Amino acid sequence: RITERRTEINRQRKTRLRHSIRAFRRLVAEKKLEDARKLLPQTFSMVDRAAKWGIIKKNTAARYKSRLSHRLAKMAA
């Protein structure tokens with residue numbers, strides 16, 4: 001029962017993480033620089049928490065953050 005409950009919680013957290021990343025990427029694709037800058041810290045926080053909870057690995061979290069910030073910097077330039 002505990003495993004089933006934890007699996008469901010982890011699934012929800014991973015979905016929330018993916019939605020957060022997707023929302024940020026959508027803003028970058030639509031060239032909404034200010035909105036993307038506001039959403040970046042929230043997205044980073046979500047990625048860090050997912051790594052802390054064990055939803056994703058630490059290096060995966062670092063890679064996500066690096067790629068997201070790179071996209072933002074590329075758009076801003």
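The values are calculated or read from the model by the stated rules, or taken from the named source; none is laboratory data. Everything numeric here is computed off the predicted structure, so don't read it as measured data. Note: ideal-geometry Cβ built from the backbone for every residue, glycine included; neighbour counts use all protein chains shown. Accessible surface areas use protein heavy atoms only, side chains included; no ligands, DNA or RNA. Shrake-Rupley method; radii C 1.70, N 1.55, O 1.52, S 1.80 Å.
Structure notes:
- Each helix, a run of at least 4 DSSP H residues, gives -39500 (n - 2.57); summed and divided by the residues of the chain, these come to -31000 deg cm²/dmol at 222 nm.
- Gyration tensor (alpha-carbon) shape descriptor, the chain, a/c threshold 1.5: prolate
- Expressed as a whole percent, the accessible surface of the chain that belongs to carbon and sulfur atoms is 49, based on a 1.4 Å probe.
- Rolling a 1.4 Å probe over the protein heavy atoms gives region 5-54 an accessible area of 69 Å² per residue.
- Of the peptides 55-64, 2-11, the order by per-residue mean of other Cβ atoms within 10 Å, starting with the highest, comes out as 55-64, 2-11.
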